[in-house]
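The structure appears right after this line, and notes come after that.
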There are 2 protein chains.
Amino acid sequence: MLQNQGREMMIVTSGAVAFGKQRLRHEILLSQSVRQALHSGQNQLKDMSVPVLEARACAAAGQSGLMALYEAMFTQYSTCTAQVLVTNLDFHDDQKRQNLNSTLQELLRMNIVPIINTNDAVVPPPEPNSDLQGVNVISIKDNDSLAARLAVEMKADLLIALSDVEGLYDSPPGSDDAKLIDIFYPGDQQSITYGAKSRVGLGGMEAKVKAALWALQGGTSVVIANGTHPKVTGHVITDIVEGKKVGTFFSEVKPAGPTVEQQTEMARNSGRTLAALHPDQRGAIICHLADLLVEKKEEILAANKTDMDLAANAGQLSSALLNRLSLSPAKLNSLAIGLRQIAVASQDSVGRVLRRTRVAHNLELEQITVPIGVLLVIFEARPDCLPQVSALAIASGNALLAKGGKEAANTNRVLHELTQEALDIHGVKEAVQLVSTREEVEDLCRLDKMIDLIIPRGSSQLVRNIQRAAKSIPVLGHSEGICHVYVDSEAAIDKVIKIVRDSKCDYPAACNAMETLLMHRDILRTTLFDQIIDMLRTERVKIHAGPRFASYLTFSPSEVKSLRTEYGDLECCIEVVDSMQEAIDHIHRYGSSHTDVIVTENEDTAEQFLQQLDSACVFWNASSRFADGYRFGLGAEVGISTARIHARGPVGLEGLLTTKWVLRGDGHTAADFSEHGTLKYLHENLPVTQPQPRQMVAQRED
Amino acid sequence: MLQNQGREMMIVTSGAVAFGKQRLRHEILLSQSVRQALHSGQNQLKDMSVPVLEARACAAAGQSGLMALYEAMFTQYSTCTAQVLVTNLDFHDDQKRQNLNSTLQELLRMNIVPIINTNDAVVPPPEPNSDLQGVNVISIKDNDSLAARLAVEMKADLLIALSDVEGLYDSPPGSDDAKLIDIFYPGDQQSITYGAKSRVGLGGMEAKVKAALWALQGGTSVVIANGTHPKVTGHVITDIVEGKKVGTFFSEVKPAGPTVEQQTEMARNSGRTLAALHPDQRGAIICHLADLLVEKKEEILAANKTDMDLAANAGQLSSALLNRLSLSPAKLNSLAIGLRQIAVASQDSVGRVLRRTRVAHNLELEQITVPIGVLLVIFEARPDCLPQVSALAIASGNALLAKGGKEAANTNRVLHELTQEALDIHGVKEAVQLVSTREEVEDLCRLDKMIDLIIPRGSSQLVRNIQRAAKSIPVLGHSEGICHVYVDSEAAIDKVIKIVRDSKCDYPAACNAMETLLMHRDILRTTLFDQIIDMLRTERVKIHAGPRFASYLTFSPSEVKSLRTEYGDLECCIEVVDSMQEAIDHIHRYGSSHTDVIVTENEDTAEQFLQQLDSACVFWNASSRFADGYRFGLGAEVGISTARIHARGPVGLEGLLTTKWVLRGDGHTAADFSEHGTLKYLHENLPVTQPQPRQMVAQRED
């Protein structure tokens, strides 16, 4: 890693083995407890049973080797280091302080990294009970206070203190409710319960916090983070410098809003109340939101205009994106219509009885639909997503964290205020939270104990990034849509032309657009073949040849790089297969199990294809573009899933529901049904009133 | 990391910055291409536009700094290093070879790690086209061949060659079907297609493979792995030494069976045929397996006896485990009965129509159930799991990889042979694969493109490990069962005593056993309270006091360490709450959303609890022990899931199914339905013949 980014850096070091620190950048003060060093030093020497005083001798002995190591590491990056040993006294006297200051300044000016340590060999043993003395004086009793002192003295911008825990917790780490504090404000100190001193002795967390607060008052920001993960130590520091959420950040200024963890907590609590409402009440909230979208349209459009102007001035958004970003009275009206339809659908979503069983006399079991919990929906430029997604969450009784794109920040803020206003009519205002655009998606994806399902709505790049980041939270969606149309030898010309054209050209950027056209060998050199090629030429579709197709032609188009390409544009691959079976094999091998089509007049062939092909959607003589919640008649569409569990293909409201089992007994025990028990299982199925799925017309998105 | 495990190690190094290698262990030869080093060296110097010859000067210049780095790093582990520079000539002459050999032997004997490099400053530039010359002579044209030469010379056991790719691929990495080869046999060489030389020049993969094969013939095993992941480089080497599946291992001996990747591929292919069978055929396979379990019982019991004897001799298994391991004619009979019930259930599992919609005239949509794909089921000692799980997979049309415990290896082998015999009656023998006990569960969990769902059946430790390892594959199951019984102020004494006793004592190790008893404040110091405590004492249940409960008592039992403890034994926590609402809050905070019970005579209170509590199973006046697929009447139980998507609570066969959408049209296109199109969506719901869920009695497990 390059460190020559013009940053100036000093390192306050201990004797601890500190590999990986070669990645440090300038302008950072790295502190690590000297106690930890002595601790490990003692470990190595424990056979000799060293008395306490020997620690200082150890430090002296270790110093030269440590410096050699730092030097060797930094040399790899053509960076010079300098050793600076300081004692308490160097700070007591203004003249000495000045000397130290100018020495360090000079070193930094020469692009040399000072490696600073207390001169343990000559200082008296530390006094654990002598505390930090006021704000202007700080005793150098460990490396934390040394680092703080130096940071302030040198007017450093940031002090990174590496510890053996992730950062500052609100109660001793490991206890039932201990939570890592992301950002700590001096005023919050009373909310912290410290545990017994950590095993690293004097450099415990309380001392670190005191040093950090002292540095903060002196104008240096502080991060306390874990420096002991051997795999990531180097990354911790660069991550912090890049502003990622690592450890605990000490800040003077409390931001206006709650943290995302607090938002999630508020959403979950309010969401539980939302889930307990009567379906009519949830419907009323959604209808009220629909009304507000129309009533408050001036306010919304004004905010939208601000976003549009900002985007236009920045000049960074394409016209397609600007188009997605913009709202209009017409768009708001149709949005309101869509919301009212979701309100209707919400009537029989939560609390529907799916199964009823009489387990025994007076022991009845029900399986009912319930919300999943807390949803995180991430969407890009399009602000109309926010009320839509909010309505879906409300309809299904789920709490929602909505994270919109930065470019729609103003519009989203107004739309979210209206959503909360609507939620407030039944006292569940906090069930929908707008997550600040400052939050990194990756940080959100790490909240695995707090978020139950992530729904990315946006580009496949967005979806892929989220699928990668969200290791422990399920993601509903699809990253790839490599859809195939297979033209069988017994296909009807007119249907082939219609379906291929529609599948590729109706909306080439959609995930359900055709990417590969598979043709049965027998239709090569037929009129049908010529007509397909002519049609694709007329529609200006760029053709890429699969290896077999290329081998059949004298002059073929450019050969494909990969048969797994999602062009997302007026481009497609053509490949030749010998049979329907080979088409299936090809799709299983190169497809993404999204949507695949057969065009044939032979019903047996078609049924074989429909039965054997393992994709979320399999179509016969119909365009791949039908793979869509609205076109399927599911009403409100949550998304299209290519996952193999939970929900697959276009997902309606039911994708946002799970079930729970409710058992009502009269003192029944399992022992009653044992061999020697008095009861026998009945397991009698009881009738369930099956509501007819409603017919709905919802808004199209693409 | 300690390296003093008595292993001897030599390092063949390049000038590349090689941090993290401090973790090397003895007995390893670490090779990294010198070309890579020169390549990066040139990068740093590119502004000076160095001619080719300068590379050797660079190497000479870098050598001292590099050695200082190695020395500094190894010094941290109190290990000495020695620099050895060699040239081609050192191998040409027997005397010189002898000298080199004895020097290295002497260094190793003195526990010094030789750091070996070619003396680039004095050798002629490498000749890319001079190939390895026969088996006994190998020219030292790069560090790969140098390492191979040295490894054989020094009779090393293992040579680790670090590359910039994961290992050896069967076709150029990045191409459509490139697969990493886990184990490479010299005879397989013709199956490899090499790409253009890698960017690291002469040290390309082909050269590495040739060097590796040469070393292999000389008696040294070889692993080629990726050494360029900065985060894990140190771990790569220790992982390899620990025998983990990293990179490509070169072996002389081809193992008897297919690799697990090949097994997965075979299972998926055969599984697709299984899924396409008629339900009667799948039922017939399961019934045939049931017959075989009875017919071949001597064979099964003989194998089981072998396992039992081995376990008894090893003396490592507890009597409970031995009990689980043992089979008997009675167990086999009831197993066969259970299988026949699964055969019945299989009739309406796959291909069931869940939804039918007339999208438009002649355009009909169906949502049908289909298998999930390839299941990986991991189970422990109990061998009866294998036929049960196989039957569930067959019934649901899924392919299965079954991984049983080592202690049941012989029994599992026989049971698996019978399963394949049964599958063979419809030509789908390979749909169920037994994964060798040699395979690491973690390696299996990494096959995320090949396995669709993992089902761990065993201890919560097993489940936790698998949930941790399987980052990209969904896991069906639960790791924790922290179940609560809340005794309301209006509870009936007899029901409380019955339910609390059954919930805790019926089978304390079960996941649905009570761990925490919540009591309404009003029942403290009542007869009910005394009776509960008496009962728990009689049943020898050890009581731990929650903080509030402790505060109410003069002499309280030991206070709990955590309110989130799963005792899994005759122990429980008692805590006091002020109200039903507080009980819900407590459970939401400390529970695991598995199963929670309220005991009360007040129906309103009960319904509030059932409605508000967010657990997979919520019971009123019934023991927590009813949370079980068999007791729920689901028939064959796949497991109990505490996940919030897909399946929740006790899961029956339907947990092994997903759906697909089948659309049958007549040349329909999306454009037909556009504003200017001629068609309108009907979205008419068509009737679905709803089969009554069958009633089944299946085998109990615990």
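Observations, loosely collected:
- Within segment B:484-505, residues that are farther than 25 Å from residue B:589 by Cα sit with their Cβ atoms under 7 Å from residues that are in a strand (DSSP E or B) and of a type in the set (A, V, I, L, M, F, W, C), at 6+ positions apart or across chains, in these pairs: B:495/B:599.
- In segment A:574-589, residue surrounded by the most Cβ atoms within 10 Å (Cβ to Cβ) [restricted to those that are over 34 Å from the mean Cα position of the chain (by Cα) and part of a helix (DSSP H, G or I)]: A:583
- Within segment A:480-515, considering residues that are within 12 Å of chain B (Cβ to nearest Cβ), assigned to a loop (DSSP other than H, G, I, E, B) and out of contact with any Phe, Trp or Tyr (no Cβ under 8 Å at 6 or more places or on another chain), the one farthest from residue A:616 (Cα to Cα): A:492
- Inspection of segment B:524-545 identifies at least one residue that is hydroxyl-bearing (Ser, Thr, Tyr), out of contact with any Asp or Glu (no Cβ under 9 Å at 6 or more places or on another chain) and in contact (Cβ under 8 Å) with a residue 24 or more places away in the chain.
- The residue of segment A:596-606 that is nearest to residue A:485 (Cα to Cα), among those that are more than 9 Å from every other protein chain (Cβ to nearest Cβ) and surrounded by fewer than 24 Cβ atoms within 10 Å (Cβ to Cβ), is A:600.
- Residue B:269 over 23 Å from residue B:407 (Cα atoms) and assigned to a helix (DSSP H, G or I): yes
- When the test is whether a residue is under 25 Å from residue A:460 (Cβ atoms) and open to solvent by 30 Å² or more (accessible area, probe 1.4 Å), residue A:552 does not pass it.
- Output for segment B:529-564, where each listed residue is more than 14 Å from chain A (Cβ to nearest Cβ) and aliphatic (A, V, I, L, M): B:532, B:533, B:536, B:541, B:543, B:545, B:550, B:553
- Scanning segment B:673-697 for residues that are at pLDDT 90 or above and within 8 Å of chain A (Cβ to nearest Cβ) gives B:673, B:681, B:683, B:684, B:685.
- Selection count where residues are farther than 20 Å from residue A:274 by Cα and of a type outside the set (Asp, Glu), scope segment A:368-398: 6
- Scanning segment B:537-553 for residues being among the β-branched types (Val, Ile, Thr) and not in a helix (DSSP H, G or I) gives a total of 2.
- Test for residue A:592: is it in contact with a Ser or Thr (Cβ under 8 Å, 6 or more places away or on another chain), open to solvent by less than 10 Å² (accessible area, probe 1.4 Å) and either of a type in the set (Ser, Thr, Tyr) or modelled with pLDDT under 95 (or both): no
- When each of B:331, B:297 is tested for being touching a helix residue (DSSP H, G or I) at 6+ places or on another chain (Cβ under 8 Å) and open to solvent by 30 Å² or more (accessible area, probe 1.4 Å), the lone residue that passes is B:297.
- The residue that is farthest from residue A:236 (Cα to Cα), counting only those in segment B:227-243 that are modelled with pLDDT under 70 and not β-branched (Val, Ile, Thr), is B:243.
- Here residue B:593 fits the description: part of a loop (DSSP other than H, G, I, E, B) and touching a residue at least 40 places away in the same chain (Cβ under 8 Å).
- From the options A:340, A:352, A:358, A:382, residue that is within 23 Å of residue A:463 (Cα to Cα), open to solvent by 10 Å² or more (accessible area, probe 1.4 Å) and either over 29 Å from the mean Cα position of the chain (by Cα) or at pLDDT below 95 (or both): A:382
- Residue selected from segment A:457-472 under the condition crowded, with 17+ Cβ neighbours inside 10 Å and within 9 Å of the chain's Cα centre (by Cα), by the criterion nearest to residue A:244 (Cα to Cα): A:469
- Filtering segment B:255-278 to residues that are within 14 Å of chain A (Cβ to nearest Cβ), open to solvent by 50 Å² or more (accessible area, probe 1.4 Å) and either over 15 Å from residue B:450 (Cα atoms) or touching a Lys or Arg at 6+ places or on another chain (Cβ under 7 Å) (or both) leaves B:273, B:278.
- Segment A:617-670 holds strands (runs of 3 or more DSSP E) entirely within its bounds, and those carrying 2 or more residues that are closer than 30 Å to residue A:601 by Cβ, hydrophobic (A, V, I, L, M, F, W, C) and at the interface with chain B (Cβ under 7 Å from one of its Cβ atoms) map to A:617-622.
- Listed by first and then second residue, the pairs with beta-carbon distance under 9 Å, at least 6 apart or on different chains, first residue in segment B:399-427 and within 15 Å of residue B:285 (Cα to Cα), second open to solvent by 30 Å² or more (accessible area, probe 1.4 Å) and hydroxyl-bearing (Ser, Thr, Tyr), are B:426/B:273; B:427/B:273.
- Criterion (within 30 Å of residue A:294 (Cβ to Cβ), assigned to a helix (DSSP H, G or I) and touching a residue at least 24 places away in the same chain (Cβ under 8 Å)) met by exactly one of A:322, A:335: A:335
The values are calculated or read from the model by the stated rules, or taken from the named source; none is laboratory data. Quick caveat: nothing in here was measured; it's all calculated off a predicted structure. Cβ: placed from backbone, ideal geometry, glycine included. Neighbour counts: every protein chain shown. Surface areas here come from the heavy atoms of the whole protein model, side chains and all, with no ligands, DNA or RNA. Shrake-Rupley method; radii C 1.70, N 1.55, O 1.52, S 1.80 Å.
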